[in-house]
Amino acid sequence: MNFSYWEKEYLISPSDYLIVGMGLVGLQTAINLKEKHPKASIAVIDRHGWGLGASTRNAGFGCFANVSEILDDLKYDTPENVYETISKRYHGLIKLQKKFGDHNIDYQTKGSIEIFTRKNKHELHEAIDSLQGINTILSRELDLDRVFTYKSKCLLPGVIGTIHNEYEGQLNTGKMYRTIYRYAQSLNINLIGGLEVLDWNGETQITVKTKQKIQLETNNLILCTNAFTPNLVDEDISPCRGQVIVSEQMDQLPIEGLYHYDNGYYYWRDIDNRILLGGARNYDSIGETTDKIETSDVIISELKRFMEEQITGRPVSVEYQWSGIMGMGKSKQKMPIIKKLEPHVFLAARLGGMGVALSASVAEDILEMIV
Ligand SMILES: Cc1cc2nc3c(=O)[nH]c(=O)nc-3n(C[C@H](O)[C@H](O)[C@H](O)COP(=O)(O)OP(=O)(O)OC[C@H]3O[C@@H](n4cnc5c(N)ncnc54)[C@H](O)[C@@H]3O)c2cc1C
């Protein structure tokens, strides 16, 4: 196919910066670059029409930490890295709110509750024993007074203890993505869906090859490809699928706010008089180590069982179900990977399961490396 003059000159013309991945990281990286260099030509491409990995498929938790995940993370990484990642998430959340406005992303600080049942008795005792130490470190790192508080009471069945974090909040994933996408468009950033990058070559002028046989020229290539990065470069990143269900609307919701359970493997919240529940990845960890955006019967029926037994206490119908792909460390480390791969090729990936808040910090950190 020959391209028209218009296509060549205005749609796929050479760019100063070409970003691969139209997720939260790619879009915010493009926005930050454009605000720093208003005259630069910037394009963001994606293999799908819009970002289709995790950014439009998550649960909308504005979260930064829960106690059992911190204790688990400390088994695989240094305390410095674990607390720095939490700090990046917390400060990222504030950046998201300030830049785009609570109203435009529907941000509400309803707080979060981690529940423990008899099955997690041991984890509960560990969490209570570590609470004071973790709070002391977090108050120094985040300048917050007592992030976690233990409470014994909870209306949900079989719960023997809870730990509250009043600083976490929830947002509307769809509204947030749309707001950020439109903001990028308003800055004249060229957003092009339907181009899958296969490879690139060149040192100062980079030629990017796509599956669609369209070649793009750029001075700087920035990969914001999260879970799908291993298809392009060899890094400590593994795709992990997460599945989500949303109930029918209910007159009376059994809970409000954010909930975590079982080291963060189960999480749920209210949205528009419904319960959104995600997780259970540990139920089939081998099967869920995949980048296929499909749902599986095993996980969906486990989520449905959990919803009815642990949350609603009665049968409910499920009206939505979907999956998304997270980028996790094979080493189980959670610090995002932000690095220069070649003189003009950069990577910002491995956002993990709490990447919404983190995305704003990562998009700022990669900018510092590029300019
Ligand atoms: C089910 C689920 C629930 C989650 N819930 C939460 C939550 O409640 N709170 C929270 O903080 N985090 C949550 N997360 C994690 C969070 O959504 C992610 O960490 C974050 O969205 C990652 O953003 P990203 O831009 O790095 O990646 P992505 O959104 O995955 O974007 C990467 C993009 O790169 C594109 N791409 C990849 N390879 C190529 C290529 N070769 N060529 C062209 N395009 C390419 C993909 O199509 C994709 O659009 C959840 C994730 C999932 C899956």
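Quick note: the coordinates plus some simple rules give every number you see, no bench work behind them. Every value quoted in this text rests on a predicted model; they were computed, and no experiment measured them. Positions of Cβ are backbone-derived with ideal geometry, glycine not excepted, and every protein chain shown enters the neighbour counts.
When the stretch 274-327 is filtered for residues that are among the acidic types (Asp, Glu) and within 15 Å of the ligand (Cβ to nearest atom), the ones remaining, listed by number, are Asp284, Glu288, Asp291, Glu294, Glu302. Remark: pairs (first residue in the stretch 207-219, more than 22 Å from Ala40 (Cβ to Cβ); second residue among the acidic types (Asp, Glu); Cβ separation under 8 Å; 6+ apart in sequence or on different chains) = Lys209/Asp199; Lys211/Glu196; Gln212/Glu196. Scanning for something surrounded by fewer than 23 Cβ atoms within 10 Å (Cβ to Cβ), over 13 Å from the mean Cα position of the chain (by Cα) and away from the ligand (no atom under 13 Å from the Cβ), does the stretch 41-61 turn up at least one residue? Scanning the stretch 41-61, I find at least one residue that is surrounded by fewer than 23 Cβ atoms within 10 Å (Cβ to Cβ), over 13 Å from the mean Cα position of the chain (by Cα) and away from the ligand (no atom under 13 Å from the Cβ), so the answer is yes.
Among the residues of the stretch 197-214, just one is in contact with a Ser or Thr (Cβ under 8 Å, 6 or more places away or on another chain) and either loosely packed, with under 10 Cβ neighbours inside 10 Å or of a type in the set (D, E, K, R) (or both), namely Asn201.
Applying the selection to the stretch 164-190, what residues are without any contact (Cβ under 8 Å) to a residue 60 or more places away in the chain and closer than 15 Å to Leu93 by Cβ? Result: Glu166, single match. Filter the stretch 193-226 for residues that are near the ligand (Cβ under 10 Å from one of its atoms) and of a type in the set (D, E, K, R); which is farthest from Arg57 (Cα to Cα)? Restricting to residues being near the ligand (Cβ under 10 Å from one of its atoms) and of a type in the set (D, E, K, R), the top hit is Asp199. Determine if the stretch 121-140 includes at least one residue that is buried (at least 22 other Cβ atoms within 10 Å of the Cβ) and within 16 Å of the ligand (Cβ to nearest atom). No, every residue in the stretch 121-140 fails to be buried (at least 22 other Cβ atoms within 10 Å of the Cβ) and within 16 Å of the ligand (Cβ to nearest atom).
Please go through (1) in contact with a Phe, Trp or Tyr (Cβ under 8 Å, 6 or more places away or on another chain); (2) surrounded by fewer than 16 Cβ atoms within 10 Å (Cβ to Cβ); (3) basic (Lys, Arg) for Arg314 and return the number of the only condition it doesn't satisfy. Every condition holds for Arg314 apart from (1).
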